[in-house]
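Below you'll find the structure, written out as structure tokens, and then a few comments.
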Amino acid sequence: MVLKVSQSKFFIYIAIILLNIYYGFNNTTLKPPKIECILMVAVAIFCIYIFLYQQLDFYELVCFLGVFLAFGVNYIKARDSRMIVLLITILAIRNMDLKIVLKIFFYTRLLLFALTINLSLIGLTELIVIEKERGMRYALGYTHPNQFMFVLCMLIMMFVCLYYSKMEWVHFLGLFMVMMAGFSVSKSYTGLIICSMSLLLFLLLKYFSGKKVICFLGKYFPGMLMFLSLFLPITLKANLDKSGFFAVFPGFADIYAGALKKIDSALSSRLTLSRITLLKTDFGLLSSATGTLRAKYTLVDSGYVQLLLVFGILGSLLFFILNWTMVKKMIKRGQYVYICAVIGLSLYAFTENMLCSLGYNFVLIFAAEVFEKNRIEIMSRSSRGGGI
């Protein structure tokens, strides 16, 4: 019996590595042909493990098949596998030590990150260079400099989540220097600002006992960002003087419109593209991203608008319920450092399409704790903020 358990976990670890290989190459110029086969193999291993080793009761089986069917229909309509891969993965790893899972994520992606950069530098893959007013921007093997900077920021957050309890201020200083080196190459101000804010959150937790602030933001910040992702684009270029709050304070409408225009310009017209998408889409329970609409607008750089567009109202609601429940579990277990990562990645999703993808929003692996069953609790100090 011991042999069977060890074998099963060995194959799960292989599947996790394959999953990270798929996501690690997905937005690079090195992306191999038929790379989706790697994802299919990983998902197949997860599914086999769930049915052979998870011992689902009748209620769990019905729920699993129901949600699987819903997102299966969604995949047929939108051709987007992120939500169904997320569901299957967190169910497969729910009884495992998630610290080990996170280590596999980190070291696999770090290796692929280094490989992608080096292959681009020696000329084996395309070195994308974008010339802007701010200077030359290098993607170093990724499809865009913003992608390079985001992966770097993600790796920094993973590192802190893994080694938080052992870190001192000098380690945070080192990570800040790594971030600045990445910025000097990519010129990604979005990455610079969000990564800096994330590091400040980690420092707030470690040295200033900011647990209450972090818990509040962890629970409510994603919902606030979802609201802003819809409200700001819809009110952009709208006639605000004759409606609601702006009718009471007509002078404020001009101030608001001017400020919003500057924000949109700073975000490289992301709000404008979101506005076009929102106004041209009839959102349903499941995906609205079909046909020509998908071809034109699914590249909108907002994880929240993308969530609603690709997964519909039902999928978006389920995702936020899952995210809320996950954060509540983290608070209960004192995993404050993970909540900092939730906040940082939620903020990044405001400007990038990565909210519900395990390949980028790595903290979603801890949603597995929502579905855990008979898992031996491993609560090491390194997974807790403030030494609790």
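Here, each number is a calculation from the coordinates, and none is a lab measurement. These figures come from a predicted structure and were not determined experimentally. Here Cβ is always computed from backbone atoms with ideal geometry, including for glycine, and neighbour counts include all displayed protein chains.
Residue order for Asp97, Asp57, Asp301, fewest other beta carbons within 10 angstrom first, comes to Asp57, Asp97, Asp301. Helix 336-348 axis versus longest C-alpha principal axis of the chain: approximately 40°, rounded to the nearest ten. Spin-label point model (7 Å from Cα, Cβ direction): what's the Ile48 to Ser265 distance in nm? A separation of 5.8 nm, rounded to one decimal place.
Summing charges over neighbours of Leu199, with a neighbour being any other residue whose Cβ is under 15 Å away from its Cβ, gives 0 when K and R count +1 and D and E count -1. Only the Cβ atoms of Lys and Arg (+1) and of Asp and Glu (-1) were treated as charged; on that basis the dipole of the chain about its Cα centre amounts to roughly 420 debye.
Approximating the spin labels as points 7 Å out from Cα along Cα→Cβ, the Leu124-to-Val41 distance works out to 1.9 nm. Dipole magnitude for region 10-85: about 360 debye, using +1 per Lys or Arg Cβ and -1 per Asp or Glu Cβ, origin at the Cα centre. Count Lys and Arg as plus one, Asp and Glu as minus one, and take only other residues whose Cβ is under 12 Å from that of Phe150; the net charge is then -1.
Look at the dipole of the chain built from charges on Cβ: of Leu317, Ala341, Asn27, the Cα furthest out on the positive end belongs to Ala341. All other residues whose Cβ lies under 14 angstrom from that of Ile104 are scored, Lys and Arg at +1 and Asp and Glu at -1, for a net of +3. Start at zero, step by 10 Å, and the Cα-Cα distances of the chain spread as 5, 21, 32, 27, 12, 3, 0, 0 percent across the bins.
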